[in-house]
Amino acid sequence: MSKPTYYITTPIYYPSGKWHLGTCYTTVVCDALARFKRMQGFDTYYLTGTDEHGQKIEGVAQKAGVTPKEFVDKQVDTLIKLWELLGISYDQFIRTTDREHEEAVQKIFTKLYEKGDIYKAEYEGWYCVPCESFWTKTQLIEGKCPDCGREVILTKEESYFFRLSKYQDRLIRLIEDNPEFLLPKSRQNEMLNNFLRPGLQDLAVTRTSFKWGVPVPFDDKHVIYVWIDALANYITALGYTANDPSLFNRYWPADVHMMGKEIVRFHSIIWPALLMALDLPVPKKVYGHGWLLLGSDKISKSRGNIVDPVELSARYSVDAIRYFLLREVPFGNDGIYTNLSLLSRINSDLVNDLGNLIKRTVAMVVQYCGGIIPEFGVVEENDKDIINNAETMLADIIKNMDSLLVPEALQRIWSLIQRANKYIDENAPWLLFKDSEKAKRLDTVLYILAECIRFVGVALTPYIPTTAADILKELGLACPDNFDGLKAFGQLKAGGKVYPDKPLFPRIDIPKELESMERRAAELAGDNSKPEEAPSKLEKAQIAIEDFAKINLQVGTVKSAEKMPKADKLLILKVDIAGKERTIVSGIAKWYTPTSMIGKQVVVIANLAPAKLRGVDSEGMILCAENKNGDIVVVSPESLVESGSEVR
Ligand SMILES: [Zn+2]
């Protein structure tokens, strides 16, 4: 019996600028779906790629002083490396500059022309270059592009047109009669009310004002409009019009076209109309997800967010970034990325909930059972709830994933994680261990926990595959390629060893990390402006000589020095100033060992009001110079002077 098929696509990405976290969002979501469907037993095909033609690419390449092909080659190379890094399990990466694709687009164009669905006429209209979209005058909002709000240009040229208007009624029925075709539902009304019901106009599908595109095969003054070229990728990738259409026959129509909401119009109107014109079935589902917005932290609006996915993956691991993307954007709404939201997710979900469960359980199996997974034993009444939670999890996740509710699927897995953490506290294995009559009960409790971890590891495999593998490895298990292991509780074999490992995700010191991220974001943005304190230091207000005279600066000699206990930055110095010894606490321990300070002459602000630092009274302060990178150098007289000498 052949498996059911599942064909899923991302949009093909426009390689005109830097790849950022937003580009990764759709791709990671589709990856999790594809991995999930494979484990569910579907014959899955996952397509992604790049949309490389058009006026905008021609323009940026020219600016960069390279040919369009050279420009896109480099961009695509970076993108493929990014997908490798993020573990994207696509089955095919299509480029619209692939020869097979270009030939197929020409065949499609010719077929539609011969059928009469494409005709030649004069075109006058408004064109948004960044969006590559044509607009009629009435569609413009205050004379600007209704999609992006930028300036549009009036173009008048000879063009080929696609008879989009002919398909208006069929498109309205498609959306009205198939409530699952376009999701979320809010998009259905948007398409019906804003575009379909007011009436569709025929669509200009070629341009003559630039060259970077697929030429019309029988009229090479024209290149085929980028959206037809791009949309066709979903079938040309499968070999539609090719000598071997076996992939096409196997996977078309697509199960899901996934995309950001800004391009839903092309996928739910133009694309099905083209397919209707080609007498092909339309995709089963078009899903326009919300955006990942780049917000600013509440703590300080000036904080820069790191949005480079490579940088973020290097700092926090690929799976932390995958998890954040999959978890943070709610169904049909926008999600917000901030440094703080990322770090909070990592600490609360991955470190506290998931990491703690694994660490505590494995440590207890080591401590109480000699590292051997104990026997399941007799289930008590208060075990039933957690076992039920585990056993019903797969059905719940499948339901969520079938509705493309990825964050909800993860929440469902977390409900088992949180239940298991609570189960530890309820059953207090450390107390059971002390009572020799409860040895059997201890075995059962620890077995149930280990088995829950196995459930969690298997369930997380499509979402954070590396972490899932690490979790299962601690139980001596390999990553599964299906969900059979989630069908019944108690499959974990007793008598196997556990393999304790380092924590899955290190805990993050959030305030410290935010500062570091802010500095790094500024560097990445090529922003030379320093954090706020720095310029203010240099731009202190002028003072009168009398003000300076208020400061009593004296040279002192360091007699002894020691590290402040439990404070790795501080040294406690005993400084002799004209025969009187003072205690001064100084934050220089990172740069000076205690012994390197002994005998050194330093400049002391002798009349500074005393302050308590970590319980030690500091009587004054020694002067230091701070390098741009934050390194500290102690200021010392150029040659030896008498202790107590005044500095002025
Ligand atoms: Zn626009």
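Structure above, values below:
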read-out: Any hit, the stretch 194-216, residues being within 16 Å of the ligand (Cβ to nearest atom) and without any contact (Cβ under 8 Å) to a residue 40 or more places away in the chain; value: yes
read-out: Among (1) open to solvent by 10 Å² or more (accessible area, probe 1.4 Å); (2) closer than 25 Å to PHE195 by Cβ - the single one MET259 does not satisfy; value: (1)
read-out: Filtered residue count, the stretch 1-42, keeping only those that are charged (D, E, K, R), open to solvent by 20 Å² or more (accessible area, probe 1.4 Å) and closer than 20 Å to ALA395 by Cα; value: 3
read-out: Qualifying residue in the stretch 617-629 (condition: assigned to a strand (DSSP E or B) and free of Cβ contacts under 8 Å to residues at least 12 places away in the same chain); value: yes
read-out: Residue list for the stretch 233-251, restricted to those being surrounded by 22 or more Cβ atoms within 10 Å (Cβ to Cβ), under 20 Å from ALA277 (Cβ atoms) and either of a type in the set (Val, Ile, Thr) or more than 28 Å from the chain's Cα centre (by Cα) (or both); value: ILE235, THR236, LEU238
read-out: Every residue from the stretch 93-122 that is surrounded by 15 or more Cβ atoms within 10 Å (Cβ to Cβ) and of a type in the set (A, V, I, L, M, F, W, C); value: PHE93, ILE94, ALA104, VAL105, ILE108, PHE109, LEU112, ILE118
read-out: Check on LYS574, assigned to a strand (DSSP E or B), out of contact with any Lys or Arg (no Cβ under 6 Å at 6 or more places or on another chain), open to solvent by 60 Å² or more (accessible area, probe 1.4 Å) and not β-branched (Val, Ile, Thr); value: no
read-out: Selection count, the stretch 134-168, where residues are polar (S, T, N, Q), within 16 Å of the ligand (Cβ to nearest atom), in contact (Cβ under 8 Å) with a residue 40 or more places away in the chain and outside any loop (DSSP other than H, G, I, E, B); value: 1
read-out: Residues (within 16 Å of the ligand (Cβ to nearest atom) and in a strand (DSSP E or B)) located in the stretch 122-133; value: GLY125, TRP126, TYR127, CYS128, SER133
read-out: Candidate set from the stretch 63-84 (those that are hydrophobic (A, V, I, L, M, F, W, C) and open to solvent by 30 Å² or more (accessible area, probe 1.4 Å)); member that is nearest to the chain's Cα centre (by Cα); value: ILE80
read-out: PRO330 vs. criteria under 30 Å from TYR6 (Cβ atoms), modelled with pLDDT under 95 and exposed (fewer than 15 other Cβ atoms within 10 Å of the Cβ); value: yes
read-out: Elements of type helices (runs of 4 or more DSSP H) contained in the stretch 416-507, each with 2 or more residues being more than 14 Å from CYS369 (Cα to Cα) and either open to solvent by 50 Å² or more (accessible area, probe 1.4 Å) or not hydrophobic (A, V, I, L, M, F, W, C) (or both); value: 439-460, 465-474
read-out: Answer residue from the stretch 169-191, given it is of a type in the set (A, V, I, L, M) and either modelled with pLDDT under 95 or within 30 Å of LYS221 (Cβ to Cβ) (or both) and is nearest to the ligand (Cβ to nearest atom) among those; value: MET191
read-out: Flag if ALA390 is small (Gly, Ala, Ser) and either surrounded by 21 or more Cβ atoms within 10 Å (Cβ to Cβ) or touching a Pro at 6+ places or on another chain (Cβ under 6 Å) (or both); value: yes
read-out: Failed condition for ILE57, given (1) assigned by TED's automatic domain parsing to the domain that holds TYR6; (2) more than 16 Å from the ligand (Cβ to nearest atom); value: (2)
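Each row is one residue, and each column tells you yes or no for (1) touching a Leu at 6+ places or on another chain (Cβ under 6 Å); (2) modelled with pLDDT of 95 or more.
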position: THR9; (1), (2): yes, yes
position: ASP43; (1), (2): no, yes
position: THR48; (1), (2): no, yes
position: GLY59; (1), (2): no, no
position: GLU84; (1), (2): no, yes
position: ILE88; (1), (2): no, yes
position: ARG99; (1), (2): no, yes
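The values are calculated or read from the model by the stated rules, or taken from the named source; none is laboratory data. This structure is a prediction, so every number in the text was calculated from the model and none was measured. Don't worry about glycine lacking a Cβ; one is built from the backbone with ideal geometry, like all the others, and counts go over all protein chains shown. Quick note on the areas: whole protein, heavy atoms, side chains included, nothing else; ligands and nucleic acids left out. Shrake-Rupley method; radii C 1.70, N 1.55, O 1.52, S 1.80 Å.
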